[in-house]
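Take a look at the structure set out below.
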Amino acid sequence: ASVTAEDIKSELDTFNIAFTDETVDKMLEQCLCHRLKGDEIVFEWFAFSSTKKQRPLTLDNLEQFEHEILNKKKKSKGSSKGSQINRTRDINSIQELIKAEEEEENMLDSYSTPAKGSQKRALTTPEHPQSKRGVARLASPSLMLSPASFSPNATPSQKYSTRGGRGEVVSSFGVVQGPRWSGKGQNVRVELLEGEEDSLTSSYKYMFQRLRDIRDVLTGKIEELGEELRTHFNIEEFSPVSLPVQDSITVLGQVCCDSNGKLNAQSVLLEAGQEQGGRQVPVDLSELKEFSLFPGQVVVMEGMNASGEKFVATKLYEGISLPFYSPVEVKQEVDEVSEPVMVMMSCGPYTPCDSLSYDPLIDLITIINKDRPDVCILFGPFVDSKHEQIEKNQVTEQFETIFKRCVDSIVEGTKGTGCRLVFVPSQRDVHHHYIYPQPPFSLPNLSKEDAMRVTLAPDPCTLLIGNVTFGLTSTDILFYMGAEEISSGTGTERFSRIMKHMLTQRSYYPLYPPAEEVNMDYEKFQQFGQMPLTPDILICPSELRYFIKDVSGCVCVNPARLTKGQVGGTYGRLLVQPNPVMVEGKRVSPCIAGQVVKI
């Protein structure tokens, strides 16, 4: 029998439990999800609240009730029938079930009057109950990404399906108590700060680059940053790094290593720009109280080079970052968004390493429908080149087809939420270009309606959401720089140092030479790999541990990956003010709160 709001209200009145329309709607949604009657869910709530010192009926308490009571009951029911249920979500079997149910309902319709036509019921499964608002959307068979259709012997990952800690908040930032993590369905503006990246879709010169052109790019970077530092610190002029002199001098150059090995305190060289002679000189760091260096870093140092053969550094000038997005340039809109905007982000791979089942992606779509974020940023890889079955070519469909089905599932599955989607490619996307900077995906078959809410971004890019700037890169710069950076006496932890280096070097990839996996096109890198400004929020997904932290006024986020090996990983979510806020003439970070959550 169907449950109505009136049934639940009547039962709540019986127990003299105070309620609101929102709490009744939530309980109705739980009834549909967990297949309970009105009296059953009220009995369960009464028992739960009695053991918790008569907790009031609120939305937060209902969510805890669902997590602690209803989900466990569902799990125990599911495990007793586990041997009889085929948990592989196959598209053909789903279509057959939907077709049979439609035929049954059509037959029932023939016996009903036109005024009392039957309501279509959405198909649900014990593993993935659907919310009242999302039932009709998620029933679409295009969402059911069957592993059997991608790989002949694929089965869902057992370790992923039995993972623990779902929904657990593992890192937080800003206002911890109070914010409700759900979007308002606002039509927020999402666009690339630099405009359309047409030139990133044009031809590349990778593997046809002349060494002279690469040198010009690197020299230009040294001179540009050097001029900024010279002006900021009122330095009269830079001296040649190899000039033998008994007095203290100020030099400009790029940090490099004296061999092909890892940089250490004894192997640091300073390579000067062309204007300072272009020589490489070893650097003695023993006189510095603190330092943090990596190959490719442009630095200004003060010290002596008595012999001309070794520079003894006594002072290291701190880099300076670019200004933030200026309120003077704020674009005024007729229907300007004023409520906080919820932004969700996740990074692939979207399958466990032991299966080509896209269960984690399906779970993410379910969360998007439940939380209804205003914007969702999805980083690749969507079809991971490092997946064992991809490496061994144990698939039955083309890589492009698998990717298209992933995107179709996300776009169709979130259509009812009005969520704006941003797709960012990865170097690990097996069907896409292995080049950095990386051009955006091409989705020519998107309908006009879908194309209005989908943004295809390159890697890296600076995105404007409302009037808040987001720096995005799917390349694991944290991992690459973490392996190369050396430091002493800084008193700060490594992630903060790396993020600060990115901001002060004004680059999404300041490391040189690049990691072996990164195929750098220096001409494109000079145009599209640099930061045009300091972003309000910088998102850098990585294999390394997740975090959200403020670095020099920029909120830096590593949501980590949606899957970690055979088990679930994490995703991130932020609440941001869509317009710049100034207090007493000073800029206030637009990020209100942030969390990293287990999938």
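The values are calculated or read from the model by the stated rules, or taken from the named source; none is laboratory data. Not measured: the values here are computed from a predicted model. For neighbour counting, all protein chains shown are included, and Cβ atoms are generated from backbone atoms with ideal geometry for every residue, glycine included. Surface areas here come from the heavy atoms of the whole protein model, side chains and all, with no ligands, DNA or RNA. Shrake-Rupley method; radii C 1.70, N 1.55, O 1.52, S 1.80 Å.
The Rg/Rh ratio for the range 483-558 is 0.96, where Rg is the radius of gyration of the alpha carbons and Rh is the Kirkwood radius. In the context of the full set of protein chains, residues of the range 379-456 present 41 Å² of accessible surface per residue (probe radius 1.4 Å, heavy atoms only).
Over the range 502-599, with the other protein chains present, what is the accessible area per residue in square angstrom, probe 1.4 angstrom?
Solvent-accessible surface per residue comes out at 33 Å².
Modelled label positions at Asn393 and Ile235, each set 7 Å beyond Cα in the direction of Cβ, lie 5.4 nm from each other. Label positions at His67 and Glu493, each projected 7 Å from the Cα along the C-beta direction, are separated by 2.2 nm.
Using only alpha carbons, build the gyration tensor for the range 357-508 and give me the equivalent ellipsoid semi-axes, biggest first, whole Å.
Taking √(5λ) for each Cα gyration eigenvalue gives 30, 21, 15 Å.
Please state the shape class of the range 326-438: rounded when a/c is under 1.5, otherwise prolate if a/b exceeds b/c and oblate if not, all from the C-alpha gyration tensor. Prolate, since a/c reaches 1.5 and a/b exceeds b/c.
Note on the range 453-494: the C-alpha convex hull projects to 4.7 nm² when averaged across all orientations. Reducing the range 241-278 and the range 346-368 to their Cα centroids gives an inter-centroid distance of 47 Å.
Accessible area ranking (1.4 Å probe, heavy atoms, ligands and nucleic acids excluded), largest first, for Tyr317, Tyr206: Tyr206, Tyr317. Classify the range 454-599 as rounded, prolate or oblate, taking a ≥ b ≥ c as the square roots of the eigenvalues of its Cα gyration tensor: rounded when a/c is under 1.5, otherwise prolate if a/b is larger than b/c and oblate if not. Rounded, because the longest to shortest axis ratio a/c is under 1.5.
Among the listed pairs Lys221/Lys289; Lys310/Lys500; Lys9/Lys37; Lys289/Lys310, which are separated by more than 24 Å between their Cα atoms?
As for pairs spanning more than 24 Å Cα to Cα, those are Lys221/Lys289; Lys310/Lys500.
Once the Cβ-Cβ distance of His433 and Glu287 is raised to the sixth power relative to R0 = 56 Å, the FRET efficiency obtained is 0.75. Placing Glu11, Glu449, Glu412 in order of accessible area, with the largest value first and a 1.4 Å probe, yields Glu449, Glu412, Glu11. Between Lys415 and Glu224, the C-beta separation translates, for a Förster distance of 56 Å, into a calculated FRET efficiency of about 0.80.
Just to verify a number: FRET efficiency for Phe46 and Thr162, C-beta to C-beta distance, R0 = 25 Å, to 0.05? Step by step, r from the Cβ atoms, then E = 0.20. The label point for Ala483 and the one for Val245, both projected 7 Å from the Cα toward the Cβ, are 3.9 nm apart.
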